Each structure stands twice: as C-alpha cells, then as structure tokens.
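Worksheet: one structure, shown below.
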Amino acid sequence: MSSALTVCIEQSSPIKLDVRLSCKPGELLALVGPSGSGKSTVLRTIAGLHQPGAARVACGSSLWQDSQSDINLSPQQRRVGMVFQHYALFPHKSVLENVMLAIHDRPRGERRQQALEWLARTNMTGLESRKPAQLSGGQRQRVALARALAREPAVLLLDEPFSAVDQQTRRKLYRELAQLRRDLHVPMLLVTHDISEVQQLADSLCLIHRGRSLQQGDVQQVINAPRNKETAKLLGHQNLIPARVLSKGRDHTVHELESGEQMRGPACDFESGSSVILLVPPTTISIRDTPSEPQGINCLRGTVTDAVGLGDELSVRLHLDTVAKALRFRVPLHVARQRNIHAGVALDVKIRDTDIHAIAAERS
Amino acid sequence: MSPFLVSFKLALWTSLILLPLGLLLGRWLAFSKITCKPWIEAALFLPLILPPTVIGYYLLQLFSPETFTGALSIKLLGSPLVFTFPGLVVASIVVNLPFAVQPIQLAFSSLPLEVREAAWVSGLSPWKTWWHIELPLTWQGLLASVTLVFAHTLGEFGVVLLVGGNIEGVTRTVSIAIYDSVQAFDMQTAGWYSVALLLLSLLALLIVRRSQPSS
C-alpha cells in the first residue's frame, strides 16, 4: 500500500533551508526554483544523502527521519528510487547489471528476469549488454529510471533528469515518463527549473527560492494565481501593474490603476480600497483593431520600446503611456508585419478580463 | 639466503602489509573532509622528500631499547629490531607508505560521489558498495600501489643500510649487495645486480603506467 510523503526541513547552514511539502501516492510534484535555491538538497535529504540541521521525513506511517526523536534511516533503509542529474550509472557494469544491482533478496534468476522487465518498460530491450559509455543521453536516462524503479521504491525522486538531453529526446522522454507514471502509485518528486516541463508532466508544484518553499499547489493554480509578487516573478510573470480595488461585483472586480484607468478582472478576495498588483498573462493581451476609438475598460495605450523576432512571433515590450510600467507579450509575425509594429510606434492593447489575477501589493 | 631472496622477501612482506594499510588510509584520505587532512597528508608523504638517512636515524632512535617502542619490540620479539629482518620490514613500511597511499588516494578521489550515492540509494550496503562499485573502479590504483611499493622496496638503500646493516642472508638486500660489490671492486657482480634491478624497475613502471585509466 503506497503512502504519502511529508517533508519538513530546517537548516541554517551551509545554505538556509525552510521547506515544507507533501506529495500523495501517484502524484508528481515538481520542485521548481532557480539554480542554487535548494531543490536538489531537498531531494538529497529525502533520500538520506544530506543531513540538515533539523528534518522530519515521513512516508505514510513510517518515519524515515525525525531530528526530535533521533530517527535517521540510512539511504539503504529508506526505499527511495532516485534518478540523478547525470544519471550516476555504474560505468563498469552493463545495462542489465546496473538494474539488477538495485534488486535485492531474490535469487539471481528472478533478479535478472525482473531487471529485464523494467528495461522493457523503459524501452531498453536489446541494449542490456551495453556499458553506459556506449549509450546515448536518453538511453542512460532510461537505464537510470529502470534502476530507480527496480528498487520498488516507496518514493521516486527525479533530479533534473531531462537536463542533459537534447530537445527532441526530451520530448520523447516526457511522453515515456507520462505513460510509465500511470502505473506508479508512489509519490514522485521532480526537480526542474523549466516551467514548460512542469506544465507537461507534473500534477502539482512547489516553488522553492533561497531555501524556502514559497507556495505549493496544483500546477495551473500556482502558475496562474501566485501568492505574491516574489512568487509571480519566480514563475516568470513579467506584466505586474500596481492597482487598487475599486469595486466588487458578484463575479467580477474592478481595479483602478494609479493613472485612473480601470481594469476589470475576476472576483477576488481583496476588500475595496486594497492595494493590489495585477498580474497580466501575455496571452491575455491583444492589439486593438480600432485604436481610434476612445479608451475603454481594460484598454491601455503605450509605445513599443523593443520588438524582437523570435521564430514566427514578435516579442514586444510596450511601455505604457499612463503608468510607469511595461507590458511584454508576443504577436504573430504576420500580424506584426501587417500592422507595422516596430520600436517607436504607438500601440493600443486590450486585456482579456477573465485571466487577470490580483495579488497583494504589500507582500513584495 | 641470496640478496635477491632477501630483497624479494622484504618487498613481499612490505607489499602485503601496506596493501590493506594503504587501502584504508588512501580511501579515508580521499573521502574525508576533516580540516586537519593536509597535516596528515604532509606527515604521510614526508618520506618522499626526507633523505633516507634521516628516516633511518629516527627509526634507530625509535628502536632503541631505552624508548617505549624499543622496549615493546624486545618484549614482543625477544630482541631489538635493529639489524633484524622484522626491523627491516618496519623501516620499509615507513619509507614506502606514501608510495602505497598516493595511488590509492588518487583512484578513490576520482570516483564520483554520485556513483557511490546511487549505490546506497539502490540499497547496496557500504560493504557491497565497496565490493561491487568501489573496488572494480579503483583496482588500477591498488595495482599501481602494490607495484610501486614492491619495486621501491627492491631498490631501497639508505634506510635498509642504517636499520638493517649488512648481515648476509638476513638483511643484505640487492642494493646493499651492489654497494658491497663495488666496495670490493667486484664490478661484474655489481653489474648483474644492477641490470636485474634496472629491468625490474622498468617493468614496475610499465605496469604502473598501463594501470593508469588514461592509457
């Protein structure tokens, strides 16, 4: 019977850590944050490879680590399957031996059979006798995954497993992991700093910054509705505009920008008069067809300060005329050509009201 | 006993004792993070730069019956260590310690921590990790260590002369025999011994070079 993983880590040095997270069986939780934020240290603590100042790691009813009651199981006792960033395959062992070594307490024949089955499930059939040096990056990743799963782990830990492979292989591996995880009923933790990877693979997200877990929840919920400005910036949101809650309806809120313009958004928990920051996703911004019309609600005017072609899109930075802020968004290249968008031109944009999210202004 | 046999016996005993000792020390030095490590390394590698006569002098002091160690050896062996084969082995161990430790330390240092951690996470006990992972990945270092110690012991002169003297069949090694032959103007015998040592040293260095991972 699989159990949920709960983790609580506190440490003051060498890096400060204050992390709390939980992961249900079958759930894939992504630990997201910039490099050096402590994501891998969290994973290493769960595996028993790092000893923080104080920690409590529990998998269901079995306590793996508890500083208060002096419990600290060794990595061998924790039943963790871990895929390391650079895979850490045993270079002198064949693919099959690498996986067999993770299977214990069984006769050799049974271990071999089981290892072959795991290799088949990770699409490595036919390469069993090869050494790691004879494999491509993607194949190594598959062996590392097979080895981690062959341990029959209570928790699966994936430490940036896709960082060392090319884009094409990465897409293939995403699909394979997505298929494989349907049958895995254990908590799975994935360390990454790639938000698109998180959106494709994970169920939930825990944002870690400077050793602190800032927010945990459903992936889309956290991305679309970050708790505060710091979280929003870490998740890559760039369009943040200061405002004030003007009025509240049953299903909507009207915000007022510093310049007096009004922005309509979905209902929010803030009281009228509260200072907020409006988070405007780039996908909600569209260019107005009739810029000559008077400015209405959710309409803003600005000057393009930067326009760079990125493939079939133009990345635009629009400095707003009335607020000392800029909006960043993308426009299809053919539209940009049609409208002759380039640095220096004035542009009117409209912001879709359903996806604007208000966050507290004071918690920056 | 011919000088060759004495030398081989000495090299064999030194290698046999230094292999486990070098393995323990070398592995510990490679993985340990204690702050006084540079001091320990400096002390261990001192025989590399100290003149053998200096080491010989201190060993003679250590073996003196007036000291605790000297008294202990008399109690255990029934006689002082000076001018005996066991004394020669002790001296040889001290002199060869860096040759035993350094290749092993280098081999273990080049072992990625992630690979050992992967073994632990895969459920391998420390002993199984050593047997299945560490040993197969560091055996070249162990081979280099044994070969260097064996070859260096065959050619050791200064300490051997000071601690063991020149007792035929007991402490007269090949290098002492060469010195003796030259003193007696028996250049032919000295030549044979020298050629034999030259070839053995060359062979040892070849083995060491071949055992380097890059070759």
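What number of residues within segment A:204-221 are part of a loop (DSSP other than H, G, I, E, B) and either among the basic types (Lys, Arg) or modelled with pLDDT of 95 or more (or both)? Show your work before the answer.
The first filter runs over segment A:204-221 and keeps only residues part of a loop (DSSP other than H, G, I, E, B), leaving A:210-211.
Cutting the leftovers down to either among the basic types (Lys, Arg) or modelled with pLDDT of 95 or more (or both) gives us A:210.
Looking only at that region, the number is 1.
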- Query: What do you reckon, is A:Ala144 touching a strand residue (DSSP E or B) at 6+ places or on another chain (Cβ under 6 Å), more than 10 Å from chain B (Cβ to nearest Cβ) and small (Gly, Ala, Ser)?
  - Reply: no
- Run B:Glu134 past the list (1) of a type in the set (D, E, K, R); (2) in contact with a Leu (Cβ under 7 Å, 6 or more places away or on another chain); (3) more than 14 Å from chain A (Cβ to nearest Cβ) and report the number of the one that doesn't hold. (3)
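Kindly provide the set of residues from segment A:61-97 that are part of a helix (DSSP H, G or I) and either at the interface with chain B (Cβ under 9 Å from one of its Cβ atoms) or of a type in the set (Asp, Glu) (or both), ordered by number. Outline the logic, then answer.
Initially, segment A:61-97 is screened for residues part of a helix (DSSP H, G or I), giving A:75-77, A:95-97.
Those that are part of a helix (DSSP H, G or I) and either at the interface with chain B (Cβ under 9 Å from one of its Cβ atoms) or of a type in the set (Asp, Glu) (or both): A:Pro75, A:Gln76, A:Gln77, A:Glu97.
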- Message: Which residue is nearest to the other protein chains (Cβ to nearest Cβ), if the candidates are limited to segment A:26-46 and must be in contact with a Lys or Arg (Cβ under 9 Å, 6 or more places away or on another chain), surrounded by fewer than 24 Cβ atoms within 10 Å (Cβ to Cβ) and within 23 Å of A:His185 (Cβ to Cβ)?
- Response: A:Leu28
- Message: Just checking: which of the strands (runs of 3 or more DSSP E) contained wholly in segment A:307-364 hold 2 or more residues that are assigned by TED's automatic domain parsing to the domain that holds A:Glu261 and over 16 Å from A:Pro242 (Cα atoms)?
- Response: A:313-320, A:326-332, A:346-351
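Restricting the search to segment A:129-157, which residues are of a type in the set (D, E, K, R) and either crowded, with 19+ Cβ neighbours inside 10 Å or not assigned by TED's automatic domain parsing to the domain that holds A:Val99 (or both)? Give the derivation first.
Applying the first criterion (of a type in the set (D, E, K, R)) to segment A:129-157 yields A:130-131, A:140, A:142, A:147, A:151-152.
Across segment A:129-157, the qualifying residues are A:Arg140, A:Arg142, A:Arg147, A:Arg151.
Each row is one residue, and each column tells you yes or no for (1) among the polar types (S, T, N, Q); (2) touching a strand residue (DSSP E or B) at 6+ places or on another chain (Cβ under 7 Å); (3) more than 14 Å from chain A (Cβ to nearest Cβ); (4) more than 30 Å from A:Arg147 (Cα to Cα).
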position: B:Trp130; (1), (2), (3), (4): no, no, no, no
position: B:Thr138; (1), (2), (3), (4): yes, no, no, no
position: B:Leu142; (1), (2), (3), (4): no, no, yes, no
position: B:Thr147; (1), (2), (3), (4): yes, no, yes, yes
position: B:Met187; (1), (2), (3), (4): no, no, yes, yes
- Task: Output the number of residues of segment B:180-215 satisfying the condition of being surrounded by fewer than 16 Cβ atoms within 10 Å (Cβ to Cβ), of a type outside the set (A, V, I, L, M, F, W, C) and assigned to a helix (DSSP H, G or I).
- Result: 7
- Query: Within segment A:118-126, is there a residue that is farther than 18 Å from A:Ala164 by Cβ and within 13 Å of chain B (Cβ to nearest Cβ)?
  - Reply: yes
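Okay, residues lined up against (1) of a type in the set (Gly, Ala, Ser); (2) surrounded by fewer than 16 Cβ atoms within 10 Å (Cβ to Cβ):
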residue: A:Met188; (1), (2): no, no
residue: A:Gln199; (1), (2): no, yes
residue: A:Leu205; (1), (2): no, no
residue: A:Gly217; (1), (2): yes, yes
residue: A:Gln220; (1), (2): no, yes
residue: A:Ile223; (1), (2): no, no
- A:Val19 vs. criteria more than 14 Å from chain B (Cβ to nearest Cβ) and touching a helix residue (DSSP H, G or I) at 6+ places or on another chain (Cβ under 8 Å): yes
- Sort out for me the helices (runs of 4 or more DSSP H) sitting completely within segment B:22-136 that have 3 or more residues that are in contact with a Pro (Cβ under 8 Å, 6 or more places away or on another chain) and touching a residue at least 40 places away in the same chain (Cβ under 8 Å). B:85-109
- Failed condition for B:Gly78, given (1) over 16 Å from the mean Cα position of the chain (by Cα); (2) under 21 Å from B:Leu23 (Cβ atoms): (2)
- Query: What is the residue count in segment A:98-114 for residues that are touching a residue at least 12 places away in the same chain (Cβ under 8 Å) and either away from chain B (no Cβ under 14 Å) or among the aromatic types (Phe, Trp, Tyr) (or both)?
  - Reply: 1
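Go through segment A:225-260 and count every residue that is assigned to a loop (DSSP other than H, G, I, E, B) and surrounded by fewer than 15 Cβ atoms within 10 Å (Cβ to Cβ). Lay out the reasoning, then the answer.
Here is the first cut: in segment A:225-260, the ones assigned to a loop (DSSP other than H, G, I, E, B) are A:225-228, A:235-239, A:249-251, A:258-260.
Filter once more, keeping what is surrounded by fewer than 15 Cβ atoms within 10 Å (Cβ to Cβ): A:236, A:249-251, A:258-260.
Result for segment A:225-260: 7.
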- Note on the structure: Screening B:Gly123, B:Gly155, B:Gly141 for residues that are surrounded by 15 or more Cβ atoms within 10 Å (Cβ to Cβ) and over 16 Å from the mean Cα position of the chain (by Cα) leaves only B:Gly123
- Kindly provide the set of residues from segment A:176-198 that are under 12 Å from the mean Cα position of the chain (by Cα) and either part of a strand (DSSP E or B) or farther than 24 Å from A:Arg121 by Cα (or both), ordered by number. A:Leu189, A:Leu190, A:Val191, A:Thr192, A:His193, A:Asp194, A:Ile195, A:Ser196
- Query: Which one of A:Glu110, A:Glu117, A:Glu97 is in the same structural domain as A:Leu189 (by TED's automatic domain parsing) and modelled with pLDDT of 95 or more?
  - Reply: A:Glu97
- Query: Failed condition for A:Asn239, given (1) touching a helix residue (DSSP H, G or I) at 6+ places or on another chain (Cβ under 6 Å); (2) of a type outside the set (Lys, Arg); (3) within 30 Å of A:Glu197 (Cβ to Cβ), with all others met?
  - Reply: (1)
- Task: Scan segment B:70-83 and give yes if some residue there is on the phi > 0 side of the Ramachandran plot and either away from chain A (no Cβ under 14 Å) or surrounded by fewer than 14 Cβ atoms within 10 Å (Cβ to Cβ) (or both), otherwise no.
- Result: yes
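The values are calculated or read from the model by the stated rules, or taken from the named source; none is laboratory data. Only a predicted model underlies this, so the values are computations on that prediction, with no experimental measurement involved. Note that we place each Cβ from the backbone using ideal geometry, even for glycine, and neighbour counts take in every protein chain shown.
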